[in-house]
Amino acid sequence: MNDPSIRNQHLDLVALLQEKERAITSDDVYSIKEKIKDCAKYLHNYSLNNDGHCLDAAFAYYVAGYYVRAIRLISDANSNEEVHPAQRWLALILSKKFEAIEGRAKLVMGDAKYSDSELAREITSCGLSDYEALDRILCRKLAEAMLAFIEFAHFGDESKLNECYDLLRVSGRLCCAARESVWWWWIECIRLVVREYSENCLWTQLSSMRQENDPMVRRFIIANYDRCNPDGKRVPVVELWRTQVKSLPSINDPERGSFCLAIPTSGGKTRVAEMAILRFLIDYQNDPEAKCVYIAPFRALANNVESEIGPTLSAAISDSAAEPGLGVVSSFYGGLEFDPLDLDYLTTAKVLIVTPEKLDGMLRSDESLRSQIKLVIADEGHLIGEGDTRGYRYRMLLERLAYRLVLKDTSAKQRKGRLLFVSGVLPNAGEFAELLTGDKSNLVQIKWGPLPKPEIGRWTWDGRRLNPDRPSLPTPNRLNPLQDCSSPNSFEEVLVRTAFAVAKYENVLVFSASKTAIKSSTLLALLDCLSAKDPIIDEENIQPLPTELIKRCKGKEWEKYCSILERGIAIHHADLPSDLIKETDERIRNGKVNLLISSPTNAQGVNLKIGTTIIYRLHHHYPTLPINASTFWNVIGRVGRPVEANASSDQQLKPPRAIFLLNASNASWEDDECVRLSKRLIEAETRYRIATPFLNFLIKVREQWKQHSGKGVADLLVALAEKPDLGWMPDLKTRSDITGLLHDLNEHLAALMEEGNVGEEKIDEWLQVDLARVIDLLTGATSIEPEDVEYIKQAIRARAIFVATKISPKQRKQDYLLGLPFKDCEVIRANEESLLVWYQGCVGIFAQEGRFESGVESLDEILNFIISNLSICENAKKKREMSVKPSNTGPLLQLETQGLRNSFFKKWLLGEDVQIVAEVFQRLNNNADFDEYREAMLEKELPRGLTAISRYLSLVAQEKEIRLTKDLAFLPSLVKYGVSSKVACFLARWGIPRGVATRIANHVALRLCEDEYQIVDSIKAEAEQAKRAICSVTESDIALLQLNESEIRQVRKIKSRFQMEP
Amino acid sequence: MNTFDSQSFRQFLGQPVERKYDWGTEQRFTVSEELLVVYEEILKETINRHHSSFDFSDEIAGIGFPLAAQAMRYRNSGNPADDKTQMGNLGEVIGAEFSRAYLGFQAVYTYPKRFNTNVDQAMKGVDILGLRAPGQSAQLLIGEAKCAQRHDERLIEDAYKHLDKLEREESSRILRFMKEYHRLSGNRELVENTDRHMAKSVPRDYLIISVTLTVPRSPFSAIAEQVKQSPLHRPLLAVHIQFETKKSWLTNLFEP
């Protein structure tokens, strides 16, 4: 605005509001809204010491469609008791305190002093002034209007909305007649807010869906109105943001086409996904088998998504308040196995929240699931451009889903599935739309965000002080003194002093692309020392960690992580033990962490309530892999976003800051690289391109071929089509690296064929017709240079020919079921006979009596096989840098004799105390860390390997006409949870400690074996049996089982949950 | 509730029967009993409004507070209870509305009766004062209003004599109250308009309005005699209005 006076801002605002009322097209409305937003910004800057202007700004932000900004501004204005009564109503609406509105309105309605007769009496007898009488009359009318408004907001009754408008209109007319301009203005503001609300509320925006299934959509909207955060605080979601409104036409597209959604981080993508799921639920209301899959690549994100959409979608489907995890919205993450417990949840779930790895396992385990999936939502889609295994795997999974759901021809009668590809950082979104939907116009790309964008700058350390690169990002006045704490790395000291100085007044994220940098022991020691001497939180705010966690970390490197976490400082990276990650996540979510030092894994997955981000290191594996722009901008986009969009915030509307911390004092090459990279990242904000580098290995294959064979590319293509490996490559290391990627490509092509139901008889057709489509799919949005595209396509074609013609259908099927690295598949195939014998022997574990020991021995053989032979265990060991001894090369778990090994597994499976199991483990492994072993192997890789082998052996048994009991499918769960029975598996899954789960299962089994505890043959029945078991536990059982207090609490909690189920 | 505007007042009085005389023009209107009933509310509200600025009781009643509206209206009413004052004030109200609707003068934007310190006493000063709107040539209307059950020639004589006296009075003295009213209201435009009408050169029109319930044969015969004694320098318009009703009906109009 040119005119700086506040009065002119108000006049402009009024003019713009009138203009908005007259605007016809939505583009015009949005353009006017942006101007109103500018007014709001001006008023807000002016409002620092003026509640009235603050409310004006909040009002203007709201009618401009910036609801989050309005709500953030309102908290202060709302606190002043002296504000005009109409202002108070306005503030309550803007802050969505619907309960308070209702309560206050009812209070007014029930108060006699607002009644006509009482007013008349007081006017006549008590000398009530005209002004006071008018105030009361208008208060009363506004209360009536607000009740009508609430009724509409809650239940969507449009007659109530009209009633509200009528009441506001007549009240406004009275104000005009009485020349009450102040009242008039605020009532007009309320009218405009109600209008903005009614235009964008769920009732209006979802009206077309309501026409198709009113009860379901009503339940959904009402659940959103009643939405609470984990603390039980009401956080209603009642209107849609601009991004969400603009996405609705694509969601409701009559063809139900797939599309790519590219809106900025924190632009409301989850809500769009939620509405797409609602659309799916309506479309498939008569198809009980149809499922939606929501892929969340990070566990923390999956957690967030579950709590965001679980309750509302559960409510939409069921009248009863279906509990997430037990109902129609179920989460499948944590672990790579797919066991009968997952299968149990899968049968009831319509909406599955999964990690890519888990979905991959599910698809391989449950063939029927492939055809049941009708909607796939791929969140954080830009990750498929990452140049690491996680990125490649995510992309391959999406390619498989896109191929099956969208791109593959289906019969005319069959409706195609739908894929919604979601990302907040996808400048080349059109490419991805084309890649995954076949048409680049299938795109919703909006650059609107509800909050101010972060301000980005640099602080450079010159050896004496920090120098900002712009005045708007001042450095802290004074860096915190080191208080006799120190680090040999002086720049590390600068980082910590800076972070501490900022963290004293706002939450700080120190972001480092390098995990090594934040795992540094010197950094940890410095944080530990400084936080003890110069704490960033007050003594009374220190909250002790759970005793179990402290015990678990005692004497290990995690001990210091725990002590700083108690003092409001968290270090977060993927190598933390799971219970420490869980506690850290919980504390971040609850705002108990003031200084978070994080790697990209965590920073990308969750919403961070952070004011300042200090960007510390920019290389993943210094110096080879600089952070890519999408990861960087995704982290920046998350910073400062509201944890709850509709909750007020102490952060107000100050834009969050993202500051590169750079070193110019004795700068190393690394420091110089960071300076250069920081400039490139800032410049690349909207110009970078996300593209998968996976297929680039084929370029290297060509280079090697040219170099070593002396032949042309045509001969290479022949070799790729005929030869299983790259034996012609002389350098072993290069050959090994590239062969791994070639096998990944083989496996991917085989999976595409398997999931595309390409049987023996359809191979020719697939090669001639479908393969071209597959090749386009694989080569779209990649970093292949244009001149190489043709060669890459030919190379993929050659490899597809190899997979289709040189690998037998049986082997393709086996490899698909295994879903493991190629060499693991080969080892398993080679040991098929032994594995089958052991597998059959495992049945003893489930036998009623006498064969448990032999069953455990068989299971022990299989586990030992996995540990000794499969690369997944070797990789886990490397990743975790496990220090398991003895140090001679060989398997991770090198137990001395079979008997001792058997004893270890037996104790684990029998649910014996962890201390006892750990002692056995440590005795046999030179005091290696059992907790790490448990987490990486017992709870992850062993169940994963066992699941894969179970799938494989089931096929083998089928071919050999050997009947296997379904109980064997429980083996991965027995190992994962460390329990000895199916019932105990369920109990452990529901959160009962493994020892207690085993004791209860055994105790109840003995008592019920003669009546209720029967042999059952379906997962549902197994689950029911487990529920019966826990429900049958009496108080005397609890006493007999000698449970401690927390165990008793957990047992009672689970028991009461199932007792309440119908 | 509505008050009269120019159009509705012209519909209320209808077309006059006009006769020309040496001293000026006579206009005669008759309002039937039926029409009076039709316009009763609007007439009542107009009288109210001339006596009080409180003008939003309808909105209060309409919004669901009829009792409060009535209580406020009663408390804010400036209507006289005295018979004679009621009749006198009615004539003045009709005269002001007539001046606007038929003569185009701004005659109703000051409400002197709202400021009457004794509501049951007739106000001193000029009964009807009209100015031209800003932008029009300045012209002053000075009128006398009489309202009685029956026609009385003496009242017409009094009215003429008063006009005769006012003709010699300076406009600035006549308009002083009006200017003060506008100045207190902070209405600069009307203050300026009043100022320009205070100039000595501003031409004046004269008006006598007589409202009665009966029909006199020759309502203004007394004027001819008076003119002989002291003629006005500008033509006179004499208007007679007959309300075909009873006095009690008129009295009811003053109920707040």
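The values are calculated or read from the model by the stated rules, or taken from the named source; none is laboratory data. Just so we're clear, the structure is a prediction, and the values are computed from it rather than from any experiment. Here the Cβ positions follow ideal geometry from the backbone for every residue, glycine too, while neighbour counts run over all protein chains shown.
Some observations on this one:
- Residues that are surrounded by 14 or more Cβ atoms within 10 Å (Cβ to Cβ), assigned to a helix (DSSP H, G or I) and in contact with a helix residue (DSSP H, G or I) (Cβ under 6 Å, 6 or more places away or on another chain) within region B:144-196 comprise B:E153, B:I156, B:E157, B:Y160, B:L175, B:M178, B:K179, B:H182, B:L190, B:V191, B:T194, listed in sequence order.
- Condition check for A:R169: at pLDDT 95 or above and surrounded by 22 or more Cβ atoms within 10 Å (Cβ to Cβ): no
- A:F152 more than 9 Å from chain B (Cβ to nearest Cβ), in contact with a Lys or Arg (Cβ under 7 Å, 6 or more places away or on another chain) and buried (at least 18 other Cβ atoms within 10 Å of the Cβ): yes
- The lone exception for A:C260 - which of (1) surrounded by 18 or more Cβ atoms within 10 Å (Cβ to Cβ); (2) modelled with pLDDT of 95 or more; (3) assigned to a helix (DSSP H, G or I) it fails: (3)
- Residue match in region B:186-194 (condition: in contact with a strand residue (DSSP E or B) (Cβ under 7 Å, 6 or more places away or on another chain) and on the phi < 0 side of the Ramachandran plot): yes
- When each of A:A112, A:A91, A:A177 is tested for being at pLDDT below 95, surrounded by fewer than 21 Cβ atoms within 10 Å (Cβ to Cβ) and among the small types (G, A, S), the lone residue that passes is A:A177.
- Among residues of region A:724-746 being surrounded by 13 or more Cβ atoms within 10 Å (Cβ to Cβ) and more than 41 Å from the chain's Cα centre (by Cα), the one that is nearest to A:L695 (Cα to Cα) is A:M729.
- Check on A:R478, farther than 12 Å from A:I659 by Cα, out of contact with any Ser or Thr (no Cβ under 9 Å at 6 or more places or on another chain), surrounded by 19 or more Cβ atoms within 10 Å (Cβ to Cβ) and not β-branched (V, I, T): no
- Options A:N925, A:N888; residue that is modelled with pLDDT under 90 and buried (at least 17 other Cβ atoms within 10 Å of the Cβ): A:N925
- Within region A:415-462, considering residues that are modelled with pLDDT under 90 and assigned to a helix (DSSP H, G or I), the one surrounded by the most Cβ atoms within 10 Å (Cβ to Cβ): A:L436
- For region A:849-868, the criterion of being part of a helix (DSSP H, G or I), touching an Asp or Glu at 6+ places or on another chain (Cβ under 6 Å) and surrounded by 15 or more Cβ atoms within 10 Å (Cβ to Cβ) is satisfied by no residue at all.
- Filtered residues of region A:514-557 (kept if charged (D, E, K, R) and assigned to a loop (DSSP other than H, G, I, E, B)): A:D534, A:D538, A:K554, A:K556, A:E557
- Elements of type helices (runs of 4 or more DSSP H) in region A:896-972, at least 3 residues being within 20 Å of A:L818 (Cα to Cα): A:942-959
- Selection from region A:531-553 of residues that are of a type in the set (A, V, I, L, M, F, W, C) and without any contact (Cβ under 8 Å) to a residue 24 or more places away in the chain: A:I550
- Among the conditions (1) more than 17 Å from B:A107 (Cα to Cα); (2) surrounded by fewer than 18 Cβ atoms within 10 Å (Cβ to Cβ), B:L232 misses just one, which is (2).
- Test result for A:S247, modelled with pLDDT of 95 or more, surrounded by fewer than 22 Cβ atoms within 10 Å (Cβ to Cβ) and polar (S, T, N, Q): no
- Within region B:227-246, the residues that satisfy the criterion of being more than 30 Å from B:S137 (Cα to Cα) and either polar (S, T, N, Q) or in contact with a helix residue (DSSP H, G or I) (Cβ under 8 Å, 6 or more places away or on another chain) (or both) are B:Q229, B:Q242, B:F243, B:E244, B:T245.
- Given (1) under 18 Å from the mean Cα position of the chain (by Cα); (2) at pLDDT below 90, index of the condition A:V376 fails: (2)
- Meets criteria (of a type outside the set (K, R), assigned to a strand (DSSP E or B) and within 18 Å of the chain's Cα centre (by Cα)) for B:A122: no
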